[in-house]
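> Sharing a structure here in structure tokens format.
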Amino acid sequence: MTAPLLESSGLHLRFGAVRALDGVAIDIWPGEVVAIVGESGSGKSTLLRVLAGQIDADAGSVLYRDTDGVTQDIPALSEAGRRSLMRSEWGFVHQNARDGLRMGISAGGNIGERLMSAGGRHYGRIRAEAADWMARVEMDPDRIDETPRNFSGGMQQRLQIARCLVTQPRLVFMDEPTGGLDVSVQAKLLDLIRGLVAKLGLAVLFVTHDIAAARLLAHRIVVMRHGRIVEEGLADRVLDDPQHEYTQLLVASVLAA
Amino acid sequence: MSAVLKVEELAKGFTLHLQGGLGFQVLRDEQLVVNAGECVALTGPSGAGKSTLMRCLQGNYGADSGRIMLAHRGGMVDLAAADARLVREIRRETLGYVSQFLRVIPRVSARDVVAEPLLARGMAPDEAEARATALLTRLNLPPRLHGLPPATFSGGEQQRVNLARGFAPDYPILLLDEPTASLDAANRDVVIGLIHEAKSRGAALVGIFHDIEVRDRVADRTHEILALEEAA
Amino acid sequence: MNAIPPLNRPDAAYNFAYLDEATKRMIRRAILKALAIPGHQIPFGAREMPLPYGWGTGGIQVTAAILGPRDVLKVIDQGADDTTNAVSIRRFFARVADVQTTTRTADASIIQTRHRIPERALTEGQVMVFQVPMPEPLFKLEPRLAETRRLHALGDYSLAQVKLYEDIAKQGESGSSYAHPVMVGGRYLMSPSPIPGFDNPKLHNSPAIMLFGAGREKKIYAVPPYTTVESLDFDDHPFKPVRAPQRCTACGSTTSYLDEIIADDQGGRMFVCSDTDHCAENQGI
């Protein structure tokens, strides 16, 4: 636990005239839950995608220390290498379940795919593990043969999470995992994520514009604006003692519960 | 007697960017030394900065300048300069905090709320659960409530869950913000007993006690915070 | 007036085996590359042929490219030598290439096929040419062809495994009785063309050369002799070649792949060998 899992620095990325990332540096340590907050267009989702190796920055480094202690240079990694990380040591939970699930494949197949791509060739064990994970994300395992289309938005997100966690990743990226859900559904989902993350000791990097979600889940908060990190630190300190004007605005905009 | 908490030249102010950059200073050149086995009560007029100092000591507020030296893992570390990970480690192992209000987490039972810091310190689950149950029982929380989430509890019941959580691990340093505010006499005595036990095992305590009787029974000395004039 | 030569006589108006030499050379290059990378699909410039897509244009071009004057050609359709498609392709080559044709598996040097592999074990020196409607085994699972190419490049076939999972979850057994995907040489996932799963094991370590031509999709792929070809399955649901549990009404075989035939207007049915040559051989005809 003496080195970060993911280390990045000097990240720059322009989309035409827009500076999506303007000199960003961020580290994530094992077991650490980091929230990136900011408004739409602040560059937070772009940062997530760059760190996850889904898009390349114009400049900057992203280094990941894998299970064997080998440092992987993410931008220089082959697509095969990136995909292999993404289906073993990493997970990605998308805001839109359609981006993270195969909508025509059963719940069991969706969860099982990660096991099969990791070499699982025993139908019975794959199915048992998929059912177990459905239970762990509080879904009814009897619905294992139903396709995601039959599930509500909140259940689809649970399925996505189960699909990610079944191979026991070390680092999970989440892009607005509760976005677009009803408030009561959001609360339950956040609570589920909180419990799983604590139990599994996962490192999580998640993007949200929901300050309450950040407070509930995150150990550390990174505030982004116009492609820059304007403030970062201990989650409760950033929220209770915000220094930057923009952070104060964000915190002040939250309705007190 | 060894100092386990030393506040040196601590300054803390606030700049309200949304109020046109209005700034005011709350703490300046604050000094405080607390020894092991000692309980220090913060005093001073309302609004003078007792709570601000408590929050700085907990790491919840950042210091503008100065040091907050804590005995942690066999050495002294400066909380004011610690990064987020170190603050979390200090809070896990060294520094306990009982706030006035419980931050309720949905669907987590009172017993699990209390056991959580024990598990984080590596205690076995059944041992942590037993200890949580014992403390909640000692604080007179009815057993039927132990397994329920505290969201629907009364203020006094929530406060007792909070106290149990703060006293469950034997933190070397414990911060108490109005620990008896919403308690009846019987439970107040239980808390006073817990504070005495903590002192006798060598813990250093810093508290804000509006209840003078409680303060007199637990505090070895007081530390007065004086209001600074508002800086424009 | 010039007399039109009979259809099954050589017609000197055509280049040998119909295609021009440059085209044959292009196709041979694709075949050589396909043999060098077993199971990998090689694009080729498929030509218009004098028959519609779906009638075996890919297979015919492959056959035309490898055919020599001393070859003996056999053509089967669903195992039979005497169906329309088989007969017309055989006649076509008899006319444009002047090669000997046969219905005997043992005598053939090249066997063009649609949907079957003969029952009689193939030998070194024989070449099977398969007519392939859809060469991409991931086609139904991943509609983006660029993505399927990427998955082949990365050797990521979990999607095909997921399909098997779904089949078993829904039907209790892996459902693809035709075109059941195979791993070739432990590297590439390949569609064996719509042969019954029963024939899949015949591809494994076969002494013959297996060539696959898809005319409409313009792809050629191959399995060289003595190459491992393993049907995708699960450890606890191993791949099982299935045949109707009957005996052939004509020859009595209990091991050959059978066709079910409605025998009369009363719904009476019988089972006969799909491989007509094999059946005849068993009967001593």
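The values are calculated or read from the model by the stated rules, or taken from the named source; none is laboratory data. Note that the structure is a prediction, hence the values are computed from the model and not measured. Here the Cβ is made from the backbone with ideal geometry for all residues, glycine too, and neighbour counts use every protein chain on show.
> Determine which member of the set C:136, C:147 is surrounded by fewer than 22 Cβ atoms within 10 Å (Cβ to Cβ), more than 11 Å from chain A (Cβ to nearest Cβ), assigned to a helix (DSSP H, G or I) and not β-branched (Val, Ile, Thr).
C:147
> Given the conditions (1) surrounded by 21 or more Cβ atoms within 10 Å (Cβ to Cβ); (2) at pLDDT below 95; (3) among the small types (Gly, Ala, Ser), which single one is not true for residue A:41?
(1)
> Among the listed residues B:113, B:98, B:104, which satisfies the condition of being touching a residue at least 24 places away in the same chain (Cβ under 8 Å), surrounded by fewer than 20 Cβ atoms within 10 Å (Cβ to Cβ) and under 19 Å from the mean Cα position of the chain (by Cα)?
From the options B:113, B:98, B:104, the qualifying one is B:104.
> Out of all the residues in region A:78-102, which are outside any helix (DSSP H, G or I), within 13 Å of chain C (Cβ to nearest Cβ) and within 20 Å of the chain's Cα centre (by Cα)?
Once the filter is applied, which keeps residues that are outside any helix (DSSP H, G or I), within 13 Å of chain C (Cβ to nearest Cβ) and within 20 Å of the chain's Cα centre (by Cα), region A:78-102 yields A:87, A:88, A:101, A:102.
> Only one of (1) assigned to a helix (DSSP H, G or I); (2) in contact with a helix residue (DSSP H, G or I) (Cβ under 8 Å, 6 or more places away or on another chain); (3) more than 14 Å from chain C (Cβ to nearest Cβ) fails for residue A:127. Which number is that?
(3)
> Identify all residues within region A:150-198 that are of a type in the set (D, E, K, R) and within 14 Å of chain B (Cβ to nearest Cβ); write none if there are none.
Listed by number, the residues that qualify are A:188, A:191, A:194.
> Additional query: Here is a check on your reading of the model: is residue C:259 assigned to a strand (DSSP E or B), surrounded by fewer than 21 Cβ atoms within 10 Å (Cβ to Cβ) and either among the acidic types (Asp, Glu) or out of contact with any Phe, Trp or Tyr (no Cβ under 7 Å at 6 or more places or on another chain) (or both)?
Judged against the criteria, residue C:259 is a match.
> Now, a different point. Quick one: which residue in A:21, A:6 is crowded, with 22+ Cβ neighbours inside 10 Å and either over 21 Å from residue A:84 (Cα atoms) or touching a helix residue (DSSP H, G or I) at 6+ places or on another chain (Cβ under 6 Å) (or both)?
A:21
> Then there's this: Among the residues in region C:192-204, are any surrounded by fewer than 22 Cβ atoms within 10 Å (Cβ to Cβ), within 30 Å of residue A:82 (Cβ to Cβ) and touching a Lys or Arg at 6+ places or on another chain (Cβ under 9 Å)?
Taking every residue of region C:192-204 in turn, none turns out to be surrounded by fewer than 22 Cβ atoms within 10 Å (Cβ to Cβ), within 30 Å of residue A:82 (Cβ to Cβ) and touching a Lys or Arg at 6+ places or on another chain (Cβ under 9 Å).
> For region B:27-73, how many residues are surrounded by fewer than 17 Cβ atoms within 10 Å (Cβ to Cβ) and aliphatic (A, V, I, L, M)?
Number satisfying all stated conditions: 1.
> Next up: Within region A:32-55, is there a residue that is over 20 Å from residue A:200 (Cα atoms), outside the structural domain of residue A:201 (by TED's automatic domain parsing) and assigned to a helix (DSSP H, G or I)?
Taking every residue of region A:32-55 in turn, none turns out to be over 20 Å from residue A:200 (Cα atoms), outside the structural domain of residue A:201 (by TED's automatic domain parsing) and assigned to a helix (DSSP H, G or I).
> Restricting attention to region C:71-102, which residues are farther than 18 Å from residue C:132 by Cα, at pLDDT 95 or above and either part of a loop (DSSP other than H, G, I, E, B) or of a type in the set (D, E, K, R) (or both)?
Across region C:71-102, the qualifying residues are C:71, C:102.
> Inside region B:126-207, counting only helices (runs of 4 or more DSSP H) that do not spill past its ends, which hold 2 or more residues that are in contact with a helix residue (DSSP H, G or I) (Cβ under 6 Å, 6 or more places away or on another chain) and in contact (Cβ under 8 Å) with a residue 60 or more places away in the chain?
By residue number, B:155-167.
> Could you check region B:52-87 and list, in sequence order, the residues that are within 14 Å of chain A (Cβ to nearest Cβ), of a type in the set (A, V, I, L, M) and outside any helix (DSSP H, G or I)?
B:63, B:68, B:82
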